[in-house]
Amino acid sequence: MGQAKQRKENDPHYGKYSAKKRGLIISNPSTVDGGSFRINNSHLDKQDLRSSLLYWDKIAWPKNNFIYTPNTAEIDDLVRIGVMETPTMSLAGGGQTGHVISAAHDYALQYFEKQNPGMWSVGEGTNSLKFIDEDNPAPGAGTGITLYNALPVPGAEVPLVEILDFKDRRRGELLVFRAHLDSIAKKIASSDDSVDELNKALTELDLACSDLIKVTREWQYPVKLANLKTSMNFNLATSASAAVKAWRNAELLALGSTEKIIAATAAGIASNFKVTADISFQKIKRPTSPYKYLYQATCELS
């Protein structure tokens, strides 16, 4: 029996996703504010590391010759088994530290993108690398997609080996979620998609989120409910698509299936979806998947 036929018979999610590997570049908590730069912690945030490890095939923490950021035993273990990279990138030149770090951040994405086009994105935010001047982006520069209270992530103290084991057992559900999120990003970046098609894609994403919450309940470790924001190189303001305009003008779009699943353990928590103007990274054109992701754990999911 061929490999594809075996997968189709044994994996109920086969055909609903691409098995192409995806990677996320993460950083230790630090802040760039114009030309200034501040390190909030020289180690990776434990919550951010675990969220990234669950949803991505590979993660990378680029180092540089300007600032020393040591590995912990956890990081060394992930590097040893091949799911994480910690390359050192040599930075040259002078100027204000914040500008140097910003340039290094851009270079890291381009470095990984050159090695594996379309595979890598970057993680940013309060628990990673945060850019103050992006808190109020210029309208229409890019597009942001945000899932509110819809994504289960491991608690900060969950052993990494348990996350890796869960990924192996529930790879289908994880990949289906990722495929539907990518599908919505692709549809929004297209100018000829209908409102019905976008609504269908959102329904599929909603079901994928609710399925993930269901399967994490089999876990005997702490699980948190999280928001997930993605950023794309697509100018929302200039889109001629009636479908995109309808989603852009909507305040919040409800995720009914996910909300019903959550209500059983966390009453009063609403799960929603929103499309907004955001920042863009024009140096790399990636129309089919976002280039930036931000996780934000919000509450315990009992």
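Readers should treat all values here as calculations from the given coordinates under stated rules, not as data from a laboratory. Quantities reported herein were computed from a predicted structural model and do not represent experimental measurements. Using ideal geometry, Cβ is built from the backbone for each residue, glycine included, and neighbour counts are taken over all protein chains shown.
One table, with the values for the structure above:
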{"item": "Selection from THR97, ILE26, ASN64 lying farthest towards where the dipole of segment 23-134 points positive, charges on Cβ", "result": "ASN64"}
{"item": "In nm, spacing of pseudo-spin labels at THR238 and GLN220 (7 Å Cα→C-beta vector)", "result": "5.6 nm"}
{"item": "Net dipole in debye of the chain [+1 Lys, Arg Cβ; -1 Asp, Glu Cβ; about Cα centre; nearest 20]", "result": "660 debye"}
{"item": "ASN249 paired with ASP77, simple spin-label distance in nm, labels 7 Å along Cα-to-beta-carbon", "result": "5.3 nm"}
{"item": "Proxy reagent accessibility, fewest Cβ within 10 Å first, across GLU197, GLU251, GLU204, GLU124", "result": "GLU251, GLU197, GLU204, GLU124"}
{"item": "Sites ASN199 and ALA270, calculated FRET efficiency, Cβ-Cβ separation with R0 22 Å, nearest 0.05", "result": "0.75"}
{"item": "Cβ-based exposure ranking for ARG169, ARG22, ARG80, in which fewest neighbours within 10 Å come first", "result": "ARG80, ARG169, ARG22"}
{"item": "Residue of THR216, THR72, THR203 that the Gaussian network model of the chain assigns the largest fluctuation, springs spanning Cα pairs under 10 Å", "result": "THR72"}
{"item": "Relative exposure of TYR291, TYR68, TYR111, judged by other C-beta atoms within 10 Å (fewest first)", "result": "TYR68, TYR111, TYR291"}
{"item": "Answer label, with Rg and Dmax of the Cα atoms in Å calculated from the coordinates and candidates (i) 19.2, 61; (ii) 17.6, 49; (iii) 18.8, 56", "result": "(i)"}
{"item": "Segment 123-228: C-alpha gyration tensor shape, a/c 1.5 cut-off, then a/b vs b/c", "result": "oblate"}
{"item": "GNM result for the chain, Cα springs below 10 Å: residue of GLY256, GLY144, GLY95 fluctuating most strongly", "result": "GLY95"}
{"item": "Distance violations [Cα-Cα > 32 Å] among LYS63/LYS187; LYS46/LYS245; LYS20/LYS214; LYS214/LYS283; LYS63/LYS260; LYS46/LYS200", "result": "LYS63/LYS187; LYS46/LYS245; LYS214/LYS283; LYS63/LYS260; LYS46/LYS200"}
{"item": "Enclosed volume per residue, in Å³, of the convex hull spanned by Cα atoms of segment 142-300", "result": "112 Å³"}
